Structure formats: C-alpha cells, structure tokens
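A short write-up of the structure that comes next.
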Amino acid sequence: MLDRGPPQPPPPTAEADGSEAADVPFGALQQCVALRDWLLSEGARMPKAEDLLSGLAQHLIDLGVPVDRATTAIDTLHSEYSGVGRFWTREAGSTVRLFPHGEASEKAYRESPFFRVHETGEWLFLDLAETPDDAYAVIPDLKAESYRHYIVAPLFFTNGTRNGISFATRSDAGFRDEDVAIMRFVMPTLAAVMEMRSVNKQLDHVLRIYVGDEPHKAILGGSIRRGHVQRIRSAILFADMRDYTRISADMTPEEAVDLLNIFFDCLVPAIEREGGEVLKYLGDGLLAIFREPGDDLGGAAKGALTAAQSAMQALDEANALGRFANPVAAGIALHHGEAAYGNVGSGARLDFTVIGRDVNLASRVARLNRTLGEPILMSKPFVDFLWDMPEPLGEHVLDGFAEPMGVYRPARAPSAA
C-alpha cells in the first residue's frame, strides 16, 4: 500500500530540537510531556495498535484538542497485505482495515492525502468547506460526516517506510494553532513508538510466514543456539506432488510457482483446519505435524487422516474446475512418533528444521505412495492410534531401516451392489 522510501535516511517526522515546545500553550507543557511519557510506557506496550490510537485521541481530547476522527496508515511486511489502516471515531471507537497487495490498493494510496504528504514531507491542512470533492478520494466522506477541518502528518520510520496519521474535527473553529502545536510536540515520540511496535509486529509476521507458528515462537523465545533441540510427540504428515518434474519441465519459473501455490492451496487449509502445523515446504511437497494433546488417545492421528482426505478431495475439485493446466495428483504419508525441532548450520547462518528418526521414517513411507499406487498411506504406529480398521498392504522394507514396516491405506467404502 505505502511506498518504501529510498535507502538514504528519511526526513524526520517533525523538528525535534526543542523548538517544538515553544508553541505549546502556556500551562499545557506538563500535560504534553505526560502524554509523551504515556506513549513511551503504556502506549508502547498495549496489546493492540488500535488501542494506542484511541488512547492517543483521548489524551489529545483531555488536552483540549477537538479530535473527532483519527486514522493511521502503516506499511507492513506480510504475504497477504501491504499495509494496515486503523480508524478511530468518537462514535464508533476503533476499527482495522487491511490493504491487500495489488493495483487497487496502490490506486487508493495514490489518490489519498497520505501520498501527498509522503511526496512533500510536509503536513497537510485542509479546510473542508473550501476543499473540492475531487481533491482526494476521502473528501466526500469527510464532508458527509460533517467534519470541518482535516490534518494529515507523515510518519517516516528509520527503516525507510513512509507512514502517516490523520486527524479530523467537527469543531466550527477547526484545529487551532495551539492544537497543532500540541500535535507537533508529541509527533516524534509517537513515530518512535509506532516504529517500535511495527518492527516487532513485522518480525513476528515474517518469522511465522517462513518457519511456522510454533517454531517462530521458539525463535522469538530465544531458541537460536546451534544444537538446541525440542522434541514433540505428534502425528507426522508428508505430502508431495506426483510427477512434478515432468509436469513443470516446460514451464517458466513463474508458471511453476503458480502451479505449486495452487497445489498448496489444496493441502494447507485442510491441514490447518484440523489443527496441523506446516513446518516445511519441500520443493513440491510439505511436512506437517499434528501435536498430541497429551492423552495419546488418537486425536492427532484422527486429525491428520481427516486432513489428508480433505486435501485429496480439494485436489480433486481443483482438477475438476480446471485450475491446473494438466491434472495433478499427490501422495500423502502418515506416521506417528516424535518430531524434533533443531537448530542446524554453521556460524551465524542456521536453519530451524525438523529432524529425527520418525521424520525420516515418514519420508520413507511417502516413497511407497507411487510404488503401491495409493494416494494415502499410513504406518503401523500411526494406525495404532486409529479407532477404525484401515486396510493392510503388508510389510515393506524402508530404505535405511532394518525392520520392515507395516503399511495401510484408509478403509474404502463398500461398493454398491
């Protein structure tokens, strides 16, 4: 949504050389300093950014600033959206809007006052009674809601991102010079607090996107030492696309990426609906686990099998709808055992990966999918946690394992007479 600035340091959000205090109304300086302290303490630690916005608005009102509407537009690093808009009004409180990647969000941004203040680096002041409706896309809405005066201020973060905040009032007098002076006084502190919160949130998002939910929590919790291992009792799911090399041989890299994304769109929602966690994307496949809740009564195995069957159904539906240029099939292997998160690598470059005997065994069962011509295979340790009776396919030697492993497929519904 919001342009990322050039690599050179961005301009400051406001002059912060002490001169900003000169225009603060007499007698209000102590309250303004208290507002900055609140931003740096309680405001910085609020669980939700919209609570920070509403708290700021209320503090400004307590200082006599007639704020009736406040919004922020913050750039973010996320796979599904490019920015977050937060809105506060006296009547409705706080709401949040996500801006998806794409031309629509880019067009909305370029038609907004935020684009103007990012280009100029200056605050924008609009007397709405004298502002034409076509000046910015938001103007008709502001007038319809009886706002009188509108201010937009840039918030430039030190990482180069361009963000912003706006205020609107219904006061007949609009925002007075002393109101603007108070806003300018707190703006550098507000920008610093919002950047701290934004950076922390982006780190959380990016880690979750690339390593998964539980691993990202472990990493942020300090599990970054090489050799650190965490053991997890779980059902393990391996899935991969059959004949990917042949199917993608004549594709461009962009087409191959689209193919994989559609394929994973069939698998991942089914896994997550049943409480599974995708830990690794493995080229044309993935590894997921379903944690045991602790009673070992088969909940994880049942969830994994349901997820596998739902994923196959979603894949069949995608094929029927022609979402793939050529029909796509998958093989899924299910095993139950102990997965281990481990930090492996060298020096400062580590990978938070999944290791262990049971993970290796699950991957070997996955190799049998093609050999046996079965879309879903289950190991004997996995079947031991199921209540229904799957169909045995005999014992098979798995590469790297001395003892043969009993392998099963889900029970098939009896054919109609």
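The values are calculated or read from the model by the stated rules, or taken from the named source; none is laboratory data. None of these values were measured; they are calculated from a predicted model. Every residue, glycine as well, gets a Cβ built from its backbone with ideal geometry; the counts of neighbours run over all protein chains shown. These area figures cover heavy atoms from the full protein model, side chains too; ligands, DNA and RNA do not enter into them. Shrake-Rupley method; radii C 1.70, N 1.55, O 1.52, S 1.80 Å.
Rounded to the nearest whole Hz, the Karplus-based 3J(HN,Hα) values (6.51 cos²θ - 1.76 cosθ + 1.60, θ = phi - 60°) of region 40-46 follow the sequence 6, 10, 5, x, 5, 9, 5, with x at glycine and proline. The residue list Leu203, Ile247, Ile232 was ranked by how far each Cα lies along the charge dipole of the chain toward its positive end, using unit charges on Cβ atoms, and Ile232 comes out on top. Toward the positive end of the charge dipole of the chain, with +1 on the Cβ of Lys and Arg and -1 on the Cβ of Asp and Glu, the farthest Cα among Trp38, Ile74, Ala340 is that of Ala340. Computed from phi, the 3J(HN,Hα) profile of region 266-280 under the Karplus parametrisation 6.51, -1.76, 1.60 (θ = phi - 60°) reads 7, 8, 5, x, 5, 5, 5, 4, 9, x, x, 10, 7, 8, 8 Hz, with x in place of Gly and Pro. Qualifying chymotrypsin sites (Phe, Trp or Tyr not before Pro) in region 289-348, where qualification requires a DSSP coil assignment and no more than 12 other C-beta atoms within 10 Å, are lacking entirely.
Based on alpha-carbon atoms, the Kirkwood radius and the radius of gyration of region 315-371 give Rg/Rh equal to 1.18. DSSP beta bridges confined to region 304-395 are antiparallel in about 70 percent of cases. When both region 329-388 and region 120-165 are represented by their alpha-carbon centers, they are found 54 Å apart. Of Leu53, Leu315, Pro390, whose Cα points farthest to the positive end of the dipole of the chain (charges on the beta-carbon: +1 Lys, Arg; -1 Asp, Glu; origin at the Cα centre)? Towards the positive end, the residue furthest out is Pro390. The residues packed around Cys266, meaning those with a beta-carbon under 14 Å from its beta-carbon, carry a net charge of -4 if Lys and Arg are +1 and Asp and Glu are -1.
Sites listed here are GluC sites (Glu not before Pro) in region 268-368 whose DSSP assignment is loop and whose Cβ has at most 14 other Cβ atoms within 10 Å, and the list is empty. Rounded to 0.05, the FRET efficiency of the Glu391 and Asp243 pair, given R0 = 30 Å and the Cβ-Cβ distance, is 0.75. With R₀ set to 30 Å, the beta-carbon distance separating Glu254 from Leu77 gives a calculated FRET efficiency near 0.85.
Give me the dipole magnitude in Debye, nearest 20, for region 244-303 about the Cα centre, with unit charges on the beta carbon: positive for Lys and Arg, negative for Asp and Glu.
The dipole of region 244-303 has a size of about 160 debye.
The separation of region 33-101 from region 286-327, counted between C-alpha centres, amounts to 40 Å. In the set (i) 28.2; (ii) 18.3; (iii) 22.4, which value of mean projected area of the Cα convex hull in nm² was calculated from the structure you see? Identified label for the calculated read-out: (i). How many percent of the accessible area of the chain is carbon or sulfur, using a 1.4 Å probe? With neighbouring chains kept in place, the figure for the chain is 52 percent. Where only DSSP H runs of four or more residues are counted, the chain gives -12000 deg cm²/dmol as its mean residue ellipticity at 222 nm, each run worth -39500 (n - 2.57). Accessible surface for the chain, divided over its residues, is 51 Å² per residue with a 1.4 Å probe. For region 90-132, trypsin sites (Lys or Arg not before Pro) meeting the loop criterion (DSSP other than H, G, I, E, B) and having at most 16 other Cβ atoms within 10 Å: Arg90.
Computed over the alpha-carbon pairs of region 231-306, the distance histogram in 5 Å steps reads 3, 16, 24, 19, 14, 10, 7, 4, 2, 1 percent, short to long.
Against the main long axis of the alpha-carbon atoms of the chain, helix 29-38 sits at an angle near 0°.
Given a cut-off of under 8 Å on Cα pairs at least six residues apart, what relative contact order in percent is computed for the chain? Walk me through the intermediate numbers first.
Values: 705 pairs, mean separation 55.5, N = 417.
Relative contact order of the chain: 13 percent.
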